[in-house]
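Report on the following structure.
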Amino acid sequence: MRVPALLLCSATVLIACTGSPDPGPVFDNENGSELTCLRHQPQPPGPRYTDEALRRTDHTLPLLRYYTAHGRKPFCDDQTPTDIDKQWAQLYVDLGADRANVSALLD
């Protein structure tokens, strides 16, 4: 009976050690459609965007396209950017994009 318990414990430890960290939320680019206003992002950027080891082009390009095309537009609810919106806008700049496209979100 000790062998199966030992195997079960070993398998649990192995799975726990090799599991990938949660990369966090995916940026909501509103399906890349033509927009007249912005929606607030519900969650801040996670490791998927902030950790260079996890960052992938197929995640960052939609973010870059979104703010390049729409970053100067107002929010649909006529409210100011939330702290979460500001984090995404700052990430856009940190990725090397033009701050002018999101300056209204950051100032």
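Relative to the current alpha-carbon distance between Glu52 and His40, full extension at 0.36 nm per residue lengthens the span by 1.9 nm.
Sequence-ordered 3J(HN,Hα) estimates for segment 45-54 from the Karplus curve with 6.51, -1.76 and 1.60 and θ = phi - 60° stand at x, x, x, 3, 10, 8, 9, 4, 6, 9 Hz, glycine and proline given as x. Close amide H contacts of Leu38 (hydrogens built in the peptide plane, cut-off under 5 Å, sequence separation of 5 or more or a different chain): Phe75, Cys76.
Near His40: Cβ cut-off under 14 Å, other residues only, Lys/Arg at +1 and Asp/Glu at -1. The net charge is -3.
Phi-derived couplings, Karplus 6.51 cos²θ - 1.76 cosθ + 1.60 at θ = phi - 60°, listed residue by residue for segment 61-67: 4, x, 4, 5, 4, 4, 6 Hz, with x used for Gly and Pro.
Where a number appears in this text, it was derived from the coordinates with a stated rule and is not lab data. Fair warning: this is a prediction, and the values are worked out from it, not measured in the lab. All Cβ positions, even for glycine, are placed from backbone atoms using ideal geometry, and neighbour counts span all protein chains on display.
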